[in-house]
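Novice: Dropping a structure here in structure tokens format, bear with me for questions.
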Amino acid sequence: MEYFVYHFQVFLLIMMRMNAMMVVAPFYSSGVFPFKMRTLMSFLVTIVIFPIIASRGYTLPGNMGAYALLVLQEVTIGIFIGFLINLIFAAFQLSGQLFSVQMGFGINEVLDPIGQVSIPLIGQLKNLIGLLVFLAINGHHFLIKAVFRSYELVPLIELTRNTTGGMIKFMMHSFSGMFIVALKIALPVLGTLFLVTVTMGILAKAAPQMNIMMLGFPFQIVVAFGVLVLITPLIVRIMHVALERGFVFLTKVLIHWPT
């Protein structure tokens, strides 16, 4: 007990980083995951890893202002770890957004309980599939391990100019990868709908007496869903690869952390 009291400041820093990660990371930040449960889980995980980290030695500031800044820095790195993985789920939602309008579902939006934002139905479907893949490959375990390994690969955070610039560089790289993943998922449906639209345009010119406008919308929906069912295994595979690459990228970010 005396050991815990003596090292309580370190315990608080570790818990701040863990809790900040869970606030923004996929699955943990879900609205169906109560805030009290997130706090309790971060507290229990911190209890487990706290003796290991505290035994490595540390240096704490002697005044409250500097310590408050240190807490802010720990929160920043926790949010950064969760945000990098959350960008992959943003790619899944973006892929649904790309062809929802083409299918005629762009106006029909729902509230996403995971991201707490309003997204189309297809984006919600992609998000749920991505979450199942995330849980299947133990991504929720990886995030906890990433926070623990961040203390091995990254010392107590010092937000210098090089560190801030490096974080921005990593985020820009993640944003570019987000659009690539979204395009890979949406491209088969977008390509098919483009061909359907061209075909409808040719039919409208060839047979002006046909009401192509009324026939086109239900036909596009049927074709889009048919293609979506056929390529679902491919979509799951792309999501699997994207999440694994995201985990590898996060590990590289921690290893090559700018100082």
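Novice: Just add up the charged neighbours of PRO188: K/R +1, D/E -1, any other residue whose Cβ is under 15 Å from the Cβ of PRO188.
Specialist: Overall, the nearby charge balance is +3.
Novice: What list of ³J(HN,Hα) couplings, whole Hz, do you get for region 140-145 from phi and the Karplus terms 6.51, -1.76, 1.60, once you set θ to phi - 60° and write x for glycine and proline?
Specialist: 5, 6, 4, 5, 5, 5
Novice: Now a separate question. Set the Förster radius R0 to 51 Å, insert the Cβ-Cβ distance between ILE52 and PHE225 as r into 1/(1 + (r/R0)^6), and round the FRET efficiency to 0.05.
Specialist: 0.50
Novice: If you don't mind, there's one more thing I want to ask. Distance cut-off 29 Å, Cα to Cα: go down the list LYS126/LYS252; LYS36/LYS252; LYS36/LYS145; LYS126/LYS205 and report the pairs above it.
Specialist: LYS36/LYS252; LYS126/LYS205
Novice: Output the peptides 41-50, 92-101 sorted from most to least packed, where packing is the average of other Cβ atoms within 10 Å over each peptide's residues.
Specialist: 92-101, 41-50
All of the numbers you see were taken from the coordinates with simple rules; none came from a lab. These numbers were taken from a predicted model, which means no experiment stands behind them. In this analysis, Cβ positions are derived from the backbone assuming ideal geometry, glycine residues included, and neighbour counts consider all displayed protein chains.
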